[in-house]
Amino acid sequence: MAENPSELHLPGPIMSRREALQVTAGAVTLAALPPETVAATSSSPAVVKNDMTLTMTVNGRIHTLTVDPRQSVLDVLRETLDLTGTKKGCNQGACGACTVLVDGKRIVSCLTLAAMHGGAQIETIEGLEKDGVLHPLQEAFVEHEGLQCGFCTPGQIMSGLGCIAEGHAGSPQEIQFWMSGNICRCGAYPGIVAAVADAAGRT
Amino acid sequence: MSASLIGRPLARVDGRAKVTGTARYAADFNQPGQLYAVIVSATVGLGRVMDVAAAEVERMPGIAAVITHRNAPKLPYLPHRAVIDPAVGERLHVLQEDNVRFYGQPVAIVVADTLDHAERAATALRVTYETRQPLVDPADRRAEKIVPEAATRARALADRSRGDADGAVAQAPVRIDETYDIARENHNPMEPHATIAAWNGDRLTLWSKSQYLVNEQAEIAAVFGLPAENVEVICPFIGGAFGTSLRTWPHVTLAALAARHVARPVKLVLTRKQMFFTTGHRPRTRQRVALGATPEGRLTGVIHEGMGETSRYEQFMEALTNVTDYLYSCPNVRTQYRLAQLDTSTPNHMRGPGDASGIFALESAMDELSYKLGIDPIELRRRNEPQIDEAENKPFSSRSLMQCYELGSERFGWARRTPKPRSMRDGRLLIGMGAATATYPAFHAPASARVRLLADGLAEVEAAASDMGPGTYTSMTQVAAEFLGLPPEQVRFRLGRSAYPQTPSHGGSWTMASVGSAIRAACLEAQAQAARRAVADTRSPLFEASVGNLEWSAGHLRRRGEASTGLSYQDIVARTGAPVEAEGSAQRDPEVAERYSMHSFGAVFAEVAIDPDVGTIRVRHIVGAYGIGRVVNPLLARSQCTGGMIGGIGMALMERTVLDLRDGRPVNAHMADYLMPVNLDIPKLEALFVDEVDPHVNPLGVKGLGEIALVGTAPAIANAVFHATGKRVRSLPIHIEDVLTA
Amino acid sequence: MFPFVLEKPDSTEDAIAAAAAGARYIAGGTTLVDLMREEVERPERLIDINRLPLGGIRVEGEHLVIGALARMAEVAADANVQRLQPLIAESLIEGASPQLRNMASMGGNLLQRVRCPYFRMLDAGCNKRTPGSGCAAIDGLNAGHAILGTSDHCVATHPSDVAVALVALDATMRVRGPQGERSFPVEELFRLPGDTPHLEHTLLPGELIVEIRVPGGPHSRRARYLKVRDRASYEFALVSAAVALLVEDGVIRQARIAVGGVGTRPWRLRDCEAELVGKGPDRQAFEEAARLAARGARPLRHNHFKAELLPRTIVRALEMAGEVA
């Protein structure tokens, strides 16, 4: 109804022709994969050890880590290093909650493979406060109500740091454009813009 | 402490935790030895699981368990139903049977040592189904429309009538009779649902995202057949919820089940895609509104018929047509509410539930009527402003709708508006201005709280409440500080544990009314206890004084009228040893509740700019003026309102979960494809509050804010779109293609 | 995600050799990692090419030369790009989020996979993902799909923004593979789906994009990118248009128009361009030319509006280009 209020949609198979049986082989993974791949999967669940050892500097601390190449920087931060300040919002690169700085640039850590970033300098929300003193952008987020539930906040702040460093915090409109990679479902956007503008002015 | 703390713009007390990443949400409570669970979701819309090739994936690296209906233990699933659960039907029993009732239903859970191993195995698990054709389109003729059985019990009513609405509309000189559609929406909070479950013998700890901790405790206890005290739920922070975490959904059971199966703590986080399957949604609705009026704009008849989708196994009801009963004065009103039972999962409450959807239809129709009559839309509402709630035949405890319209239209610049559609431009852009009424009930539910006065002068306050973003931590600190007469720095307010004193769900805009009133009661009780101690203490200057002759001022106890500073809590507690500990509870006086109709009201104004060439619709300005009783913290209240407006922009112009009618799968179950406003979409937003004193709602005089903040925005925008283009769009969301040929 | 081995060669030769043996290149990973997580992509060997000397942006005579590993953000911010080819900068900042633009390489952007939702669902038929499995979109939800260049086997839209600009600007690309180097127009990188939608581009096994070369000219200054979408940012185009005009003495001497969001590949509209040449840069001329844009369009059940929106977008983009001083 929502998609087509005016017409009745005739039901038909959504699955492939090959799979158009009354009893479908469900994990349609099967249908989707070429037969030889399927055979390889089901017959050889052999342990593939592709782990890699690398070093990574997180908030100034050097970590030597053994990672599964599949692991994202986000999962390494949260699950291996227990740095849970960085959040997993969508794991699809579409919300910005996992934003961190890698070698000074803001990126989404969910789509970043840790194994590709040996030697990288990573900065997360946990590294901003120095000796009990908040970073000016952190202060500004509290002062300007740049948050409500707080879940997108670490990503917003790291993204805001990137936005300021890139020189895109010249006006509220510019900040709105350059901060649109971070979704805030509570709608704290006006406060976020004010906080980034304020901190940009202070630095 | 002379000036009242209530009403002060205190900065968030948890702000520092949130900007440093130290605020811990459910998935942040990593446990030693924890394993990772991933749900396998059904890939058919209706049918039966025939086979699960579990053995294939059990041999894969790191796999600890594959749990399906075949090897899952039979769970007791004792009867349990809270106010937020549908009153009719039975909750989904997960992994207890081979039935697949809807696309995305959990059919298995995989547990592994790492997330990557669990995800790999979950994708590889082959499940074979027998499939049947599901029915997922509420507009389908085969979709049975039923009268909700629970209608007498819940707030929503199936049928309600006064006078002869159909006759009045039929005979009215001016008539509107239209149908309005709203797409399914998903809450899509930034934080996915997450539960970490850990068993210690037959005791279970859940770090779990919940807006209703004591119910999650009770529900999981019922599912597993445990005494409630064996289950503890911990959730100090919620990453947005908007209703999706009111119920305890199947994944919480799955996490607990998996943890028991592998005898290790288990972490289970839903994927973003799974957030579209089993954690509720704002139901698709179709509504008919028919209005009859005199040429002068007096309503003579109002008909509002609404239909919402629900699942086959539960009747989810919301207050879809309620607003029509009391919003305007009219002798002949008929409302009707029906459900379409479909092969989908059960909907649930989403910010402004029922009212936000219903008011889109009613306020669109009122706007249509204003053009037909040639009467200014605000004037039309003024001419139909009731003196009392005509459905209940009761006075309103307070109603400031007309003041809201005055205040809002002044700030918005409604006077600049030229009435004719397509008459306002800014360069090439078509400009439109629209307005709509907002309203939401001022609810109240029984709640309790505990206050502990410590020897170091601090006051600890506890309640099993939640803070999904409105600022409960901060506002409750203010309430406690106010009634104890302490500076807020001396108050430690704690929430987010089911073991704390019971509170209602964190939703329905009743947290401040209910929990705030309980905290007030607990503070007064603590003061009474402290006073009794002071007069019983032989060493106290107030020894043997009559308690009735004492008074509290700025956190000090002294003889009434005496100039001395008196005794502080610290003085009293230090002299008598143990901390003062007091519990308080509050509920609405049933007699008062019976006497008044209690609602918040507001007026929302929106300005849109539409590109006549390519149809892009951008909101330029929203003003909302609200009468919500007392404002506890204007800083937080404004944030709530502007956030609600942004939610309303989403509802009006972006949000829809699109189902493939062939099997009911949500096709856009992805954060990039389910559109919600981003920073660049945000216009100038202004929230205003009229001064309103409501002595009846509760001792604090608060009517609630979170829900009404969203209600009214979508129709205001839709009405502005009509004003800009001359094209009336009666289905939400309004997209480019809807106005392209306007 | 399927397990894989990650290799990090230091030389282009080593990378090409590995890819010729069946491994996949990865640069920014913004598309590939996302699809690997869904197991839509299941490479068993990945070659991290970020150490290869394929970055940088330079000017060579009339040409702007963009290294395949240059990041979207870096290209958009480059002074030469902004001066010589503002259309490229504009299309880049309208594509993806700032974070993704910091990650995604230019080469990867051109090779990004489609956004058809059924392509991402292992439990739906998709000829692109699994040849012969059918197309769930043709009879499913297809509001976002293409109306040009579709076949009975695939209707997915090419999602890139900057590719549309590059096609409009007659950019070429240099690629290197086991058989050495070759160059060809960017437009020729993209195949039509036909009955082989799983074959998306014309690169040979092991071939690696080295650089993108954009010829300059007086048209480059009157060039604009217009992206039409329901959300103001962070959304794929419903329709987009990259246009460039060379106007002399009040007469259009040269016009370039390419569109996105409507085609199974970035779609150049040479008929519309020809229609404009010799006319004055006014709305009537724009509308007459744009009318030709949707000829041959095959709208699906839910995307009829694109046939209406397409010419309107072109007209508006041409007007914007005409307004450029």
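Residue-by-condition table, conditions (1) assigned by TED's automatic domain parsing to the domain that holds B:GLU583; (2) within 30 Å of B:GLY243 (Cα to Cα):
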{"position": "B:ASN393", "(1), (2)": "no, no"}
{"position": "B:LEU401", "(1), (2)": "no, yes"}
{"position": "B:MET424", "(1), (2)": "no, no"}
{"position": "B:ALA459", "(1), (2)": "yes, no"}
{"position": "B:ALA464", "(1), (2)": "yes, yes"}
{"position": "B:PRO487", "(1), (2)": "yes, no"}
{"position": "B:VAL491", "(1), (2)": "yes, yes"}
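Collect the residues in region C:278-325 that are more than 10 Å from chain B (Cβ to nearest Cβ) and either of a type in the set (Phe, Trp, Tyr) or touching a His at 6+ places or on another chain (Cβ under 8 Å) (or both), keeping them in residue-number order.
Within region C:278-325, C:PHE286, C:LEU300 meet the criteria.
Specify which of the listed residues (C:GLU181, C:GLU94, C:GLU188, C:GLU90) is under 19 Å from C:GLY56 (Cβ atoms), of a type in the set (D, E, K, R) and open to solvent by 10 Å² or more (accessible area, probe 1.4 Å).
Values: C:GLU94 fails: under 19 Å from C:GLY56 (Cβ atoms); C:GLU188 fails: under 19 Å from C:GLY56 (Cβ atoms); C:GLU90 fails: under 19 Å from C:GLY56 (Cβ atoms).
Selected residue: C:GLU181, the only one of C:GLU181, C:GLU94, C:GLU188, C:GLU90 that is under 19 Å from C:GLY56 (Cβ atoms), of a type in the set (D, E, K, R) and open to solvent by 10 Å² or more (accessible area, probe 1.4 Å).
Would you mind stating whether B:MET307 is out of contact with any Asp or Glu (no Cβ under 6 Å at 6 or more places or on another chain), open to solvent by 10 Å² or more (accessible area, probe 1.4 Å) and part of a strand (DSSP E or B)? Break it down stepwise before answering.
Values: out of contact with any Asp or Glu (no Cβ under 6 Å at 6 or more places or on another chain): yes; open to solvent by 10 Å² or more (accessible area, probe 1.4 Å): yes; part of a strand (DSSP E or B): yes.
Yes.
Going by the structure shown, is C:GLY132 at pLDDT 95 or above and either open to solvent by less than 10 Å² (accessible area, probe 1.4 Å) or more than 9 Å from chain A (Cβ to nearest Cβ) (or both)? It would help to see each step written out before you state the result.
Details: at pLDDT 95 or above: yes; either open to solvent by less than 10 Å² (accessible area, probe 1.4 Å) or more than 9 Å from chain A (Cβ to nearest Cβ) (or both): no.
No; evaluated as a whole, the condition is false for this residue.
Scan region B:693-703 and give yes if some residue there is farther than 21 Å from A:CYS149 by Cα, over 18 Å from the mean Cα position of the chain (by Cα), more than 10 Å from chain A (Cβ to nearest Cβ) and part of a helix (DSSP H, G or I), otherwise no.
So in region B:693-703, the residues farther than 21 Å from A:CYS149 by Cα come out as B:693-703.
Now narrow it down to the ones that are over 18 Å from the mean Cα position of the chain (by Cα): B:693-701.
Subset that is more than 10 Å from chain A (Cβ to nearest Cβ): B:693-701.
Remaining after also requiring part of a helix (DSSP H, G or I): none.
No, region B:693-703 has no match at all.
Could you please find all residues in region B:225-259 being of a type outside the set (A, V, I, L, M), open to solvent by 10 Å² or more (accessible area, probe 1.4 Å) and in contact (Cβ under 8 Å) with a residue 60 or more places away in the chain? Before the answer, list the steps.
At the first step, the residues of region B:225-259 found to be of a type outside the set (A, V, I, L, M) are B:225, B:227, B:229-230, B:232, B:235-237, B:239-240, B:242-245, B:247-251, B:253.
Cutting the leftovers down to open to solvent by 10 Å² or more (accessible area, probe 1.4 Å) gives us B:225, B:227, B:229-230, B:232, B:236-237, B:242, B:247-250.
Listed by number, the residues that qualify are B:GLY225, B:GLU232, B:PRO236, B:PHE237, B:PHE242, B:ARG247, B:PRO250.
Kindly establish whether C:ASN102 is modelled with pLDDT of 95 or more, crowded, with 23+ Cβ neighbours inside 10 Å and within 8 Å of chain A (Cβ to nearest Cβ). First the steps, then the outcome.
Details: modelled with pLDDT of 95 or more: yes; crowded, with 23+ Cβ neighbours inside 10 Å: yes; within 8 Å of chain A (Cβ to nearest Cβ): yes.
Considered against the rule, which asks whether it is modelled with pLDDT of 95 or more, crowded, with 23+ Cβ neighbours inside 10 Å and within 8 Å of chain A (Cβ to nearest Cβ), C:ASN102 comes out as yes.
Out of B:GLU379, B:GLU385, report the one residue that is within 21 Å of B:SER597 (Cα to Cα) and either open to solvent by 10 Å² or more (accessible area, probe 1.4 Å) or part of a strand (DSSP E or B) (or both).
Values: B:GLU379 fails: within 21 Å of B:SER597 (Cα to Cα).
Step by step, each of B:GLU379, B:GLU385 is checked, and only B:GLU385 is within 21 Å of B:SER597 (Cα to Cα) and either open to solvent by 10 Å² or more (accessible area, probe 1.4 Å) or part of a strand (DSSP E or B) (or both).
Select the strands (runs of 3 or more DSSP E) contained entirely in region B:566-677, then report the ones holding at least 1 residues which are within 14 Å of chain A (Cβ to nearest Cβ), open to solvent by 10 Å² or more (accessible area, probe 1.4 Å) and farther than 27 Å from B:ALA459 by Cβ.
Values: elements: B:580-586, B:599-610, B:617-627.
Ranges flagged: B:617-627.
Looking at region A:66-78 only, could you name the residues that are over 15 Å from C:ARG37 (Cβ atoms) and over 13 Å from the mean Cα position of the chain (by Cα)?
Within region A:66-78, A:THR66, A:VAL67 qualify.
What are the residues in region B:126-181 that are of a type outside the set (Lys, Arg) and at the interface with chain A (Cβ under 8 Å from one of its Cβ atoms), if any?
Those that are of a type outside the set (Lys, Arg) and at the interface with chain A (Cβ under 8 Å from one of its Cβ atoms): B:VAL127, B:THR128, B:TYR129, B:GLU130, B:THR131, B:GLN133, B:ASP137, B:PRO138, B:ALA139, B:ASP140, B:ASP181.
With respect to B:ALA536, is the statement that it is open to solvent by less than 50 Å² (accessible area, probe 1.4 Å) and either over 30 Å from A:GLY187 (Cα atoms) or more than 26 Å from the chain's Cα centre (by Cα) (or both) true?
Working: open to solvent by less than 50 Å² (accessible area, probe 1.4 Å): no; either over 30 Å from A:GLY187 (Cα atoms) or more than 26 Å from the chain's Cα centre (by Cα) (or both): yes.
The answer is no for B:ALA536.
Inspect all residues belonging to region C:235-245 and state whether any of them is among the small types (Gly, Ala, Ser) and part of a helix (DSSP H, G or I).
At the first step, the residues of region C:235-245 found to be among the small types (Gly, Ala, Ser) are C:237, C:240-242, C:244.
Restricting the remaining residues to those that are part of a helix (DSSP H, G or I) gives none.
No - not one qualifying residue is present in region C:235-245.
Could you check, for region B:287-309, whether at least one of its residues is in the same structural domain as B:MET645 (by TED's automatic domain parsing), within 28 Å of the chain's Cα centre (by Cα) and of a type in the set (Ser, Thr, Tyr)?
no
State the number of residues belonging to region B:55-80 that are out of contact with any Leu (no Cβ under 8 Å at 6 or more places or on another chain) and surrounded by fewer than 16 Cβ atoms within 10 Å (Cβ to Cβ).
Taking region B:55-80 first, the residues out of contact with any Leu (no Cβ under 8 Å at 6 or more places or on another chain) are B:55, B:58-63, B:65, B:70-71, B:74, B:76-80.
Of the ones still in play, those that are also surrounded by fewer than 16 Cβ atoms within 10 Å (Cβ to Cβ) are B:55, B:58-59, B:70-71, B:74, B:76, B:78-79.
Matching residues across region B:55-80 total 9.
Considering each of B:ARG141, B:ARG81 in turn, give the residue that is within 30 Å of B:GLU392 (Cβ to Cβ) and either within 33 Å of the chain's Cα centre (by Cα) or assigned to a strand (DSSP E or B) (or both).
Numbers: B:ARG141 fails: within 30 Å of B:GLU392 (Cβ to Cβ).
Matching residue, one of B:ARG141, B:ARG81: B:ARG81.
The values are calculated or read from the model by the stated rules, or taken from the named source; none is laboratory data. Quantities reported herein were computed from a predicted structural model and do not represent experimental measurements. Glycine also receives a Cβ, built like all others from the backbone with ideal geometry; neighbour counts cover every protein chain displayed. Each accessible area value is taken on the protein alone, full model and side chains, heavy atoms only, with ligands, DNA and RNA left out. Shrake-Rupley method; radii C 1.70, N 1.55, O 1.52, S 1.80 Å.
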